[in-house]
Amino acid sequence: MSDGHTQSAGERQAAATEAARQVLADHFSDDVHSEIFGVTELCRAFDVTPRTLRFYEDKGLLSPRRINGTRVYSRRDRARLVLILRAKALGSSLAEIKQYLDMYGQAGEGREQQLRYVLERTDGAIAELEQKRAHIESSLAELRIINSGVRENLGLPPLEAG
């Protein structure tokens with residue numbers, strides 16, 4: 001694993017943290033002077049379909065501008081899409097995601113409220129996952145004991161840890 005191409009857990013965490021900071025910076029950016037992205041660019045970048053983008057627009061999660069009838073997305077829209085996809089992957093409903101995004105407001109007046117909401121949600125998710133992990137570790141220990149006893153009764157070698 002030390003072939004020079006594999007990132008350590010610390011390096012992966014640092015890269016993920018930097019990526020998250022960039023998403024937040026983009027989310028809080030000024031749309032007026034930001035670069036724009038077309039539907040195709042966003043679809044390719046995030047492996048979503050144009051229909052997905054339209055669905056998020058219909059739900060009020062994205063608000064692209066139109067230039068000569070073509071939908072264009074700002075860096076802020078792009079950052080919102082990243083936040084939407086991350087929140088969905090973590091199990092948030094679209095209603096929860098919209099609530100979070102709407103807290104920000106037009107000029108960032110709801111940023112503290114938004115951060116408190118995230119803190120509450122992440123505290124709860126961490127506690128839930130820690131509880132699940134404890135349950136999984138307990139179940140694994142029990143299964144290993146059962147497995148070891150059965151192997152011993154059958155005269156088989158112990159299962160290698162791994």
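No lab work stands behind these numbers, since they all come straight from the coordinates. Quick caveat: nothing in here was measured; it's all calculated off a predicted structure. Heads up, the Cβs are rebuilt from the backbone with ideal geometry, glycines too, and the neighbour counts pull from every protein chain shown.
A few notes on this one:
- Burial ordering of L62, L85, fewest other beta-carbon atoms within 10 Å first: L85, L62
- Inter-probe distance in nm under a simple model that places probes 7 Å from Cα toward Cβ, at F55 and S138: 3.7
- Derived scalar couplings ³J(HN,Hα) [segment 49-63; Karplus, 6.51 cos²θ - 1.76 cosθ + 1.60; whole Hz; x for Gly, Pro]: 9, x, 4, 4, 4, 4, 4, 5, 5, 4, 7, x, 8, 10, 9
- A DSSP coil position with no more than 13 other Cβ atoms inside 10 Å describes the following GluC sites (Glu not before Pro) in segment 62-162: E109, E160.
- Full-stretch length increase - R116, E41 - with 0.36 nm per residue and alpha-carbon distance subtracted: 23.7 nm
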